[in-house]
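Student: Once you've had a glance at the structure underneath, I'll fire off some questions.
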Amino acid sequence: MAPKFVCAHIRAMDGQPPGEPPAAAGERLIKLNTNENPFPPSPKVMAAIRDVEPEMLRRYPNANGDSFRAAAAKVIGVSPDMILCGNGADDVLTIATRTFVGAGNVLASPVPGYARYATLAKLEEAKFFGLPWEKDWALPIEALAESKAAAIFLPNPNSMSGTVVPSAEIAALADAFDGAVVVDEAYVDFADESSLPLVKEHANVVVVRSLSKAYSLAGLRFGYAIAQEAVIEEMLKAKDSFNVDAIALTAACAAIEDQEYAQMTWQNIRAERERLTTELEAVGWRWLLSRTNFLLATVPDRSGKEMINSLKR
Ligand SMILES: *Cc1c(COP(=O)(O)O)cnc(C)c1O
């Protein structure tokens, strides 16, 4: 029994089981089951971490992560004021929920998608409204636009299927909907198109990105949002005072500045994705066209669970 002094909305929640824990040191396996990047981080990231000075840790970090905002702004081609840093994309999504949804309101999202959105809604005492994808993982634009939600969270590419919604459809949704449209682009670097160009014309579009998958830094915890300056200004109010630490900031700057290394990993992953689809087809599996670093596939001759266990062995 949960203690009575715990808030009712927290008591009512299921604890979220984290992904399978990392293997013990020395165990010979490459952990990928939470869609990690199989490559190590850039050598420049490791060098930046080794160069961390005691003085940097003695002081508080820059509250808004200005060094990363400047570095990312250059790479992405936006102004630094259009960027918000977070302790992973999940932290950015927490900030987005606080800023755009709030207690008693609705967070809508196509399902199945990224499970964390429903948890974030509960934490803010908001309601989660999951709308099923249409045929072939098409976006239910009308249903979402008419949902009376305060915000729509859209994983794109989708974290469940690996499929993408064309940005023209996201633009149509942003036009038809008054609330915030939060486009979660955790996998965008493995795809061909981003919703970033929409930010300029649509004040209600917020793009969220992560360094976990594209930059091999899931253990570091760094993510960011891109939106119009006035939107970022409001989101900054909703974050923890020092939500990104000094080591993460330094490493994240080195990671985003080393585009050459990151793009090498993306090209390799895309090529392997194509190779894997060909191989799976040859052994009779069915799979969805993926724009991510994973494939959603149907195993023909046994259950998925059996397949997972035999792969583990
Ligand atoms: C992995 C993932 C996240 C979380 O990213 P972190 O930066 O590790 O917090 C958010 N959204 C989607 C869709 C993801 O797949």
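The values are calculated or read from the model by the stated rules, or taken from the named source; none is laboratory data. Everything numeric in this text was worked out from a predicted model, so none of it was measured. Quick reminder, even Gly has a Cβ in these numbers, built from the backbone with ideal geometry, and neighbours come from all protein chains shown. Quick note on the areas: whole protein, heavy atoms, side chains included, nothing else; ligands and nucleic acids left out. Shrake-Rupley method; radii C 1.70, N 1.55, O 1.52, S 1.80 Å.
Student: Restricting attention to the range 115-143, which residues are outside any loop (DSSP other than H, G, I, E, B), among the hydrophobic types (A, V, I, L, M, F, W, C) and open to solvent by 30 Å² or more (accessible area, probe 1.4 Å)?
Tutor: Hits for the range 115-143 are L123, F128, F129, W137, A138, I141, A143.
Student: Still on this structure, I have one more. Where residues in the range 44-68 are touching a residue at least 60 places away in the same chain (Cβ under 8 Å) and basic (K, R), which of them is farthest from A255 (Cα to Cα)?
Tutor: R59
Student: Here is a list of conditions, (1) more than 16 Å from the ligand (Cβ to nearest atom); (2) not in a helix (DSSP H, G or I), and A230 meets all of them except one; can you say which number that is?
Tutor: Looking at each condition in turn, A230 falls short on (2).
Student: Looking at R59 and the list (1) modelled with pLDDT under 95; (2) over 30 Å from D136 (Cα atoms); (3) among the basic types (K, R), which single condition is not satisfied?
Tutor: Just one mismatch for R59, condition (1).
Student: Report, ordered by the first and then the second residue, all pairs with beta carbons closer than 6 Å, sequence separation of six or more or different chains, a first member in the range 254-265 that is closer than 16 Å to A71 by Cα and open to solvent by less than 10 Å² (accessible area, probe 1.4 Å), and a second member that is in a helix (DSSP H, G or I) and at pLDDT 95 or above.
Tutor: Within 6 Å, the pairs are A255/V45; I256/A71; I256/A72; I256/V75.
Student: How many residues are open to solvent by 80 Å² or more (accessible area, probe 1.4 Å), under 23 Å from R313 (Cα atoms) and either β-branched (V, I, T) or at pLDDT 80 or above (or both) when one looks only at the range 1-32?
Tutor: The number of residues fulfilling the criteria is 1.
Student: If you go through the range 179-188 one residue at a time, do you hit one that is part of a helix (DSSP H, G or I), under 23 Å from M82 (Cα atoms), within 16 Å of the ligand (Cβ to nearest atom) and under 15 Å from the mean Cα position of the chain (by Cα)?
Tutor: yes
Student: Out of curiosity, is G86 touching an Asp or Glu at 6+ places or on another chain (Cβ under 9 Å) and at pLDDT 90 or above?
Tutor: For G86, the condition - touching an Asp or Glu at 6+ places or on another chain (Cβ under 9 Å) and at pLDDT 90 or above - is not met.
Student: Hey, among V208, V199, which residue is under 24 Å from S167 (Cβ atoms) and in a helix (DSSP H, G or I)?
Tutor: Result of the check over V208, V199: V199.
Student: Looking only at the range 277-312, filter to residues that are surrounded by fewer than 17 Cβ atoms within 10 Å (Cβ to Cβ) and charged (D, E, K, R); which one of those is nearest to S210 (Cα to Cα)?
Tutor: Checked the range 277-312; the qualifying residue nearest to S210 (Cα to Cα) is K312.
Student: Another question, then. Residues to consider are R270, R221, R275; find the one that is within 16 Å of the chain's Cα centre (by Cα) and either within 16 Å of the ligand (Cβ to nearest atom) or assigned to a helix (DSSP H, G or I) (or both).
Tutor: R221
Student: Can you tell me which residues in the range 281-298 are more than 27 Å from the chain's Cα centre (by Cα) and of a type in the set (A, V, I, L, M, F, W, C)?
Tutor: A282, V283, W285
Student: Here is a further query. Filtering the range 198-218 down to residues that are open to solvent by 10 Å² or more (accessible area, probe 1.4 Å) and either touching an Asp or Glu at 6+ places or on another chain (Cβ under 6 Å) or basic (K, R) (or both), which residue is farthest from the ligand (Cβ to nearest atom)?
Tutor: Only one residue tops the list, namely K200.
Student: Can you name the residue in the range 152-169 that is within 15 Å of the ligand (Cβ to nearest atom) and of a type in the set (A, V, I, L, M, F, W, C) and, of all such residues, is farthest from V183 (Cα to Cα)?
Tutor: Here is the first cut: in the range 152-169, the residues within 15 Å of the ligand (Cβ to nearest atom) are 152-165.
Filter again for of a type in the set (A, V, I, L, M, F, W, C), leaving 152-154, 160, 164-165.
Numbers: I152: 8, F153: 6, L154: 5, M160: 15, V164: 11, V165: 10 Å.
Looking at the filtered set, the residue picked out is M160.
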